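One structure is given below, encoded as structure tokens.
Bear in mind that the values in this text are calculations on the coordinates, not laboratory data. These figures come from a predicted structure and were not determined experimentally. We place every Cβ from the backbone using ideal geometry, glycine too, and count neighbours over all the protein chains shown.
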């Protein structure tokens, strides 16, 4: 097997003397953030599929107006969460302060999507 030499040296981001964050941008970098971003988009897609399913069955529930409101909320949340698809968020090649910003945006998006899902379940309960 040939040896491939690269110049991807680990980068150090020193927050203070007690907190040094190393990253390379490879698969093992920031796995928790990557999983959170993946979970945000899985939840978003699940809610969108649920909305589409309820729109098909709307004649039974008579909730068209409410579904439109929730779909609008979902669209707004999705637009705010799009920054999580930036290449730095996905690869992990960002500084500590940026990581914290991505995390706060991801948690906020997850919360918005979860609230929309809760509203949908309340409509049909």
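A few comments on the model shown:
- Gain upon complete extension [residue 123, residue 80; 0.36 nm per residue less C-alpha separation]: 13.0 nm
- Residues residue 58 and residue 111, FRET efficiency given R0 of 25 Å [Cβ-Cβ distance, rounded to 0.05]: 0.40
- Modelled FRET efficiency - R0 25 Å, residue 73 with residue 49, Cβ distances, 0.05 increments: 0.95
- Value of Rg to Rh for region 31-124, rounded to two decimals, is 1.07; Kirkwood radius and Rg both from alpha-carbon coordinates.
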